[in-house]
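Down below is the structure, laid out as structure tokens.
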Amino acid sequence: MLNATLIALLVVMSLALIRAVLGPTIHDRILAVNMFGTKTVLLIAVICFTFGKPEFLDIALVYALINFVSVIGVLRYFEFRNEVKEQEAARD
């Protein structure tokens with residue numbers, strides 16, 4: 001059963017990467033990267049459970065925090081960039 005879970009997670013992660021590359025808007029791409037990060041945390045947790053190594057769950061938690069902070073940072077960057085473009089367009 002765990003093997004099926006690992007395969008399903010890998011398939012979903014590959015679909016998220018495809019969406020991140022082909023996404024029509026930046027928001028679709030950011031959402032796909034966030035989903036990929038979340039599925040990576042799940043993959044690490046399932047691997048920890050499969051091999052009986054619960055000490056690696058700390059790595060999954062740290063990865064989840066880094067994923068969250070980086071997505072917020074990227075969204076703030078694009079928000080700031082759009083505001084600058086709007087201000088420049090208003091000046092012209």
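What follows draws every value from the coordinates through simple rules; no lab data is involved. Small disclaimer: the values here were computed from a predicted structure and weren't measured. Here the Cβ positions follow ideal geometry from the backbone for every residue, glycine too, while neighbour counts run over all protein chains shown.
What's the center-to-center distance, using Cα atoms, between the range 2-19 and the range 54-88 in Å? If we compute the Cα centre of each part, the gap is 22 Å. A Förster radius of 22 Å combined with the Cβ-Cβ distance from K53 to M1 puts the calculated FRET efficiency at roughly 0.75.
Of L43, L65, the sequence from fewest to most neighbouring Cβ atoms within 10 angstrom is L65, L43.
Only helical runs count toward this figure. For the chain, summing -39,500 (n - 2.57) over DSSP H runs of n ≥ 4 and dividing by all residues gives -32000 deg cm²/dmol at 222 nm.
Hull volume per residue, based on the alpha-carbon atoms of the chain and their convex hull, is 69 Å³. Taking the Cα centre of the chain as reference, the dipole from Cβ charges on Lys and Arg (+1) and Asp and Glu (-1) amounts to some 220 debye.
Against the main long axis of the alpha-carbon atoms of the chain, helix 2-22 sits at an angle near 10°. As I understand it, the value is the acute angle between the Cα axis of helix 26-51 and the longest principal axis of the Cα atoms of the chain; what does it come to in degrees, rounded to 10? Helix 26-51 sits at roughly 20 degrees to that axis. If R0 is taken as 25 Å, the Cβ-Cβ distance between E88 and H27 corresponds to a FRET efficiency of 0.70.
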